[in-house]
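Have a look at the structure below, then the notes.
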Amino acid sequence: MLEAVASQVVGGLSRGMVMFVVATGLTLIFGSLRIANFAHGAIYMLGAYVAFSVSSQLGFGTAAFVAALVGAPIVVGALGFAVERGLLRRIAHRSHYYQIILTYAVALIIADLVKMIWGVAYLTVPRPSFLEGAVFLGSIVVPVYNLFLIAVGLAVLAAIHVVFNRTRFGTLVRASVLDGEMLGALGTDVRQLQSKVFVLGCMLAGLGGALSAPASSVSLGMDHAVIIESFAVVLIGGVGSIVGALAGSLIVGLAQALGILFAPEFAATSVYIILALVMLFRRNGLFGGRVMA
Amino acid sequence: MTSRFNPSRRTVLAMGGAGAVALASRAWAQSKDPIKIGIATDLTGIAAAYANSQINGLRQAIDEINAAGGLLGREVALVVRDSQAKPDLGVSHARDLITSEKVSLLIGPVSSGVALGISNLAKQNKVPVIMTAPNTPRLAMELFHPYFFSVVPSGLMESRAIAAAIGKKARSFGFIGADYEASHQGLAYFKPWLKKVNPGAEVTVESFPKLGEPDHTSYITQLMSARPEVVFSYLWGADLVGFVKQAKPYGFFDRTIFASMFFFDDLRALGADMPDGIVGQMRAPFFALEGARMEEFTKNYRAKFNEYPADWAIMSYEAMQIFALASTKAGTVDSDPVVGAIEAIQYDGLRGQISFRKEDHQANVPSFIGTSVPDPAYPFKVFGSMSRIPAEEIWPSIEEVEASRRA
C-alpha cells in the first residue's frame, strides 16, 4: 500500500510541476496586466508543436531535445510579443471584457494556424535516450522523464525566485501585480513592463508545451484540458501569486493522483472540488496578495 | 462545376474526378447532372484526422468510378461539409445536403453523437446513409431504420471480439477507458462475454481518466498496483498514444498483456515508440489485408495522398463501392430500390466478402486482432499474425436486437 501511495505521489508531483510552469505564466499575466488570457492554452499547444518541428528537423536526438526546449519558448515568446503589441495594447483602455474576448479570439486563431501548418494528425516526440527508461527509488519505479519534469519545475521556480527577489525588473513586476497604478504614478513605464510580463508568461506556456510533447502526444485540442486546469490553479493559489501557483499546482496534482487510488470516482473532479472550497473560504485564493512567499 | 464552389457557406464541393479524369469526363459531365454523394463529418476537433481519411477514401473510390465511365452514365461528385463534431451542426449540414444538394447517399461522420442525429435525418428523408466510422450499437439496435447501413463493427461487436481473443489468457483483468459513454458501454459489453469465454475471469480494477487527459501516469500506477494480468483498454487516439508512451518506462507492457483498439493513425504517430507484444484490435489494417485489389488500392492511395490508408479510408472506400454496385444492380439511384439492392449485395471488398444482415443492416465485417511487431517494410510497428473474429460469432443475436427495440 505504501508503495502504491508513493508511486501516486511521484506521479502527482511531476504532473503538478508541469502545471506550475504553465500556471505561473498565466498568473503573472493575470496579476500584472489584469487579463484573463484565454490564449494561454493555445500558446502551450503551439509550444508543443514547435518543439515537435524543432526536434524532427534535428533528428530527435538529445541535442534536438535541448534545442526544442529552448526554441519553443523563444518562438511563442515572439508571438506573444506580437499579440501584445499588435492587439492587446490597442484595446488596453477598453473594458476587460473586450480583452477577454480578444484573447479568446487569439486562441481560436492559433488553433486554426496549428491545423493549417501541422495538419490534423496527432504527433509524438520520442524522449531523448538519456531520459528514457526508469529508475528505482526504494522499491518504486519512477520514469526518468518524470524526475526530469520535477527538476525543470524546480529550476523554473528557483529562476523566478532569483529574478523576483534580486533584480529591479522582478521588483517592478511584483509592484505592478500589487498596485500597477501607483507604480505608474511613481514614474515607471508600466506598459513596457506589462509587455515584458506578457512575453515571459507566454514563454513559460511554451516551455510547458515543449516539456509535455515528449511526455504525451501532440494533438489539436491538447489546449482545452490545460487552460481550464491552469485557471483553476491560478484561482486556488490567488491571482498574481507565484507561490500560490506552486501550491495550487501541487495540491491539484497530488489530490488527483491520490484520488485515483482512494476515490477514483472523484479524481477527475477533485480540482473543481478544491476550487469550490477555496472560493468559499478564501475568496482571494490561498496566497492572494502575495506574489512570492 | 466550379461555379458551385461556395466558400461563404463553408462548403467544399469536391469533384469526383480530379485533374485528367475530370477533363476526360467533361463530355458526359455536361450532358447530365452528376450523382451527388454527401458527407457532413468532423473535420474540426479531435476526430479531424479520421474525417480527412474518410474523405480521401471516398475520393479514391469516386475517382475510380468516374475513370471507368461514371455511375449509370453519370458523373459522381462528392459534397463535403464540416460538422465540427457538433451534432446540431452536423444535422443542419446533412439536411442541407439532402434538400439543396439533393444527394443520393449520405456517408456518416466520425462521432457517434453526430451520427445519431444524421441517421435520424436520413430516416425522415428516406435517404440511405452508410456509417464508416461511428459505431455506437444503438444505431443498428433500437434506433434502426431501413435507410441505415454500417460497414463498421459496432462497439458491442468489438468488445466481445476482444473478450473472445484474450478472455482465456488470464483470470484477472483491468480496464482503462476515457470517462464518457462509449467506454462505460464498452466495459459493459466486455464483462458478460468475458464470463462466457472464461467463467473464472474477473475485472479487478477499472480506470476512467477524462477524455483528453494529458498525463495518465497516476492511472498507470493505479492499474499496476492492482496487478491485473491483462488490461483491456478503450482509450483511442491522442489519449492512447500518450498512455502508451507514459506506461512504457514503468515496464507496464512487460508485466501486463495490454489489449486495445488501435487505429492506423495511432501506429503511425507512435512509430518506434510502440512496444512489441501489444494485442491490437483493428477495423481495417491495410498491412494485414491480402489480395491484389488491396495492394493496388494501397498503391493508388499512396500515390494520390502521399500516406498509407488508415482504417477510415478503407471503410469509406468500401461504402462508396457498395453504393455504386447497388445502384448499378438497381439501375437507379432512387432510395428504395438502392436500399433493396444493398440488402441483397455480395460485395467483394478490401476486407473480404461483405453483405448486410437484413434485421439491422450491420455488415458482416470481422474484427482483426494481432500482436505488435516491427516490420522492416514500414517506419511504424504493425500487428502480426492477425486473426479475424467473424461477425457471426460476436454480433448481437436477432433476439438481442429485437429486445433492444422493445425496450
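Table for the structure above
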{"quantity": "Normalised contact order of region B:82-165, rounded percent, pairs of Cα under 8 Å and 6 or more residues apart", "calculated": "24"}
{"quantity": "Shielded by partner chains, region A:214-243 residues - at least 20 Å² of accessible area, 1.4 Å probe, vs chain alone", "calculated": "A:A215, A:S216, A:S217, A:L220, A:A225"}
{"quantity": "Top of A:V252, A:V106, A:V142 by mean-square fluctuation, Gaussian network on chain A, Cα under 10 Å", "calculated": "A:V142"}
{"quantity": "Share of pairwise Cα separations in region B:50-106, more than 15 Å, in percent", "calculated": "57"}
{"quantity": "Region B:160-256 - Rg (one decimal) and Dmax (whole number), Cα, Å", "calculated": "12.7, 36"}
{"quantity": "Where B:V152, B:V91, A:V70 fall by accessible area, highest first, once all protein chains stay in place (1.4 Å)", "calculated": "A:V70, B:V91, B:V152"}
{"quantity": "1.4 Å probe accessible area per residue over region A:2-281, in Å²", "calculated": "40"}
{"quantity": "Mean shadow area of the protein assembly as shown, taken as a quarter of the surface of its Cα convex hull (nm²)", "calculated": "32.2"}
{"quantity": "R0 of 45 Å, Cβ-Cβ distance B:K195-A:I228: FRET efficiency to nearest 0.05", "calculated": "0.70"}
{"quantity": "Antiparallel bridge percentage (DSSP; both residues within the protein assembly as shown; nearest 5)", "calculated": "40"}
{"quantity": "For region B:268-326: relative contact order, % (alpha-carbon pairs under 8 angstrom, 6 or more apart)", "calculated": "33"}
{"quantity": "Chain B: relative contact order as a whole-number percent, Cα under 8 Å and 6+ apart", "calculated": "16"}
{"quantity": "Chain A: most fluctuating residue of A:G184, A:G80, A:G248 per GNM, C-alpha cutoff 10 Å", "calculated": "A:G184"}
{"quantity": "Kirkwood-type radius of chain B, with distances r between different C-alpha atoms, in Å", "calculated": "21.7"}
{"quantity": "Accessible surface of the protein assembly as shown, 1.4 Å probe, proportion on carbon and sulfur as whole %", "calculated": "60"}
{"quantity": "Kyte-Doolittle mean at least 0.0, axial Cα span of 18 Å or more - DSSP H helices of chain A", "calculated": "A:2-33, A:40-57, A:62-86, A:96-118, A:144-166, A:190-215, A:222-237, A:242-262"}
{"quantity": "Highest-fluctuation residue, A:T269, A:T103, A:T24 considered, GNM on chain A with Cα pairs under 10 Å", "calculated": "A:T269"}
{"quantity": "Average projected area [Cα convex hull, region A:2-281], square nanometres", "calculated": "15.8"}
{"quantity": "Between region B:285-327 and region A:169-199, the Cα center-to-center distance that results, in Å", "calculated": "61"}
{"quantity": "Residues in region A:1-20 that, when all protein chains are in place, have 50 Å² or more less accessible area than the chain alone would give (probe 1.4 Å)", "calculated": "A:R15"}
{"quantity": "√(5λ) per eigenvalue of the Cα gyration tensor, region B:233-346, largest first, Å", "calculated": "37, 16, 11"}
{"quantity": "Of B:K32/B:K102; B:K36/B:K299; B:K191/B:K381; B:K36/B:K304; A:K115/B:K299; B:K245/B:K381, those spanning more than 20 Å from alpha-carbon to alpha-carbon", "calculated": "B:K36/B:K299; B:K191/B:K381; B:K36/B:K304; A:K115/B:K299"}
{"quantity": "Within chain A, longest stretch free of exposed trypsin sites (Lys or Arg not before Pro) [DSSP loop, at most 15 other beta carbons within 10 Å]", "calculated": "A:95-281"}
{"quantity": "Degrees separating the helix B:48-67 axis from the principal Cα axis of chain B, which is the longest one", "calculated": "40"}
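The values are calculated or read from the model by the stated rules, or taken from the named source; none is laboratory data. Since the structure is predicted, the reported quantities are computational estimates derived from the model, not experimental observations. When we count neighbours, we look across all protein chains shown, and the Cβ atoms used for this are built from the backbone with ideal geometry, even at glycine. Calculation scope for accessible area: heavy atoms of the full protein, side chains included, ligands and nucleic acids excluded. Shrake-Rupley method; radii C 1.70, N 1.55, O 1.52, S 1.80 Å.
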